[in-house]
Amino acid sequence: AACAMDWQVLTRELSLYLESQVRVGLFGSGVGLSLVLGFGVAYACYYLSSIAKKPQLVASNDRFCRFLEEYCPVVTETYYPTIWCWEGRMQTLLRPFITSRPQVQYRNELIKTADGGQISLDWFDNNGSLYYPDASTRPTVLLLPGLTGTSKESYILHMIHQSETLGYRCVVFNNRGIAGEDLLTPRTYCAANTEDLEAVIHHVHSLHPSAPFMAAGVSMGGMLLLNYLGKTGRDTPLMAAAIFSAGWNVFESVASLEKPLNWLLFNYYLTTCLQSSISRHRQMLEKLFDIDLVMKARTVREFDKRFTSVMFGYRTIDDYYEDASPCRKLKSVGIPVLCLNSLDDVFSPGHAIPVETAKQNANVALVLTSCGGHIGFLEGIWPRKCTYMDRVFKQFVQAVFEHGNKIFSM
């Protein structure tokens, strides 16, 4: 009934719009208008029957499901992708250009690591919070950007904006050497090594030990967070975590990105971004690595084979990719985790999402949309201000901080 209602409203509005914009005399008769109207109605029917769908909610824990249905209802509602931009690649490519960039004033902090390096943290303290004026107990969200992302990414800025309206504090973990700070040692980062993340979590928690604390990771940031949670189990100060567009199986991710069209649209550009970061720190890194060889890489796989896997001491690139794949550690996650993926994400193919493994862990819930791409999830006619991903983030974070006691006894 709801679908029929949506169809009637959409077709009626489309007809009225077209009648006001297209002259009946198009092509000398009303035939042109009829064709346009017919196409519009057909497209609306296709969109409502095949594109706009409720996400799949995969969770073995009934209590977790009921918690999400009550306090994070967006995960059970129909997702209506932007009607003119619902295909995964288009959503992925256009989001950075379409979505707004909320203004955020950061306070930067550089912390030292055990090996002599440094990590850049960008804090949004939200000292004007009306709901949590006491900084010592103000809920804190740790945000982990993607592979080459920083605190300046639009999706991070939107997460902070959502958190600000709820009164929460945010801190962004920028991977080594990526946010403008110097490399003090010849080491960067990877999805498998969680040492820097462990240091950051310990540091943030030590500053605000009485504050509720959770984390959200996007793309590689989500992979890193999952690998950390799989390693630590329940032994973490984090209450819960949200994961967006994580690559679950790195072998499948790179294979997808090496398909001709995906290589042209994403792989080559991503490789050049990685090389650009390396080039900036060439003087430090060339002490241990053949940078000229690294700069000749034309795919992410070649870059990882020549640089990342070597840096972190893996015997082969397959050893690194196996260790970096979160699907191997999902069974060991010991706190509530909500993971949002789109089945048309070329960075994380739908067939590689570990649905059966997730069903074996009561702490894990997967939310799988049919459309949305990689960190896309655009919705609305002109999706500048808020995406489906933003709404999932806001509702889940608020649910954890304000009603989390109802799932922590799972």
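The values are calculated or read from the model by the stated rules, or taken from the named source; none is laboratory data. In this text, all values refer to a predicted model and were calculated from it rather than measured experimentally. Using ideal geometry, Cβ is built from the backbone for each residue, glycine included, and neighbour counts are taken over all protein chains shown. Heavy atoms of the whole protein, side chains included, go into the accessibility calculation; ligands, DNA and RNA do not. Shrake-Rupley method; radii C 1.70, N 1.55, O 1.52, S 1.80 Å.
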Residue 323 - would you say it is open to solvent by less than 80 Å² (accessible area, probe 1.4 Å) and not hydrophobic (A, V, I, L, M, F, W, C)? yes
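Here's the yes/no breakdown for (1) open to solvent by less than 30 Å² (accessible area, probe 1.4 Å); (2) within 24 Å of residue 182 (Cα to Cα); (3) out of contact with any Pro (no Cβ under 8 Å at 6 or more places or on another chain):
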site	(1), (2), (3)
241	yes, no, no
253	yes, no, no
260	no, no, yes
263	no, no, yes
289	yes, yes, no
297	yes, yes, yes
Pick from segment 168-186 the residues that are among the charged types (D, E, K, R) and surrounded by 20 or more Cβ atoms within 10 Å (Cβ to Cβ): which of them is farthest from residue 206 (Cα to Cα)? 176
The condition from (1) under 21 Å from residue 143 (Cβ atoms); (2) surrounded by fewer than 18 Cβ atoms within 10 Å (Cβ to Cβ); (3) out of contact with any helix residue (DSSP H, G or I) (no Cβ under 7 Å at 6 or more places or on another chain); (4) of a type in the set (D, E, K, R) that residue 66 misses is numbered (1)
Yes/no for residue 343 being open to solvent by less than 10 Å² (accessible area, probe 1.4 Å) and out of contact with any His (no Cβ under 7 Å at 6 or more places or on another chain): no
Taking residue 250 as meeting all but one of (1) within 16 Å of residue 297 (Cα to Cα); (2) touching a helix residue (DSSP H, G or I) at 6+ places or on another chain (Cβ under 6 Å), write down the number of the exception. (1)
Starting from segment 229-247, take each residue that is hydroxyl-bearing (Ser, Thr, Tyr) and modelled with pLDDT under 95 and list its partners that are surrounded by 19 or more Cβ atoms within 10 Å (Cβ to Cβ) and part of a helix (DSSP H, G or I), counting only C-beta distances under 9 angstrom and pairs at least six apart or across chains. none
Considering each residue of segment 48-75, count those that are at pLDDT 95 or above and among the hydroxyl-bearing types (Ser, Thr, Tyr), and give that number. 1
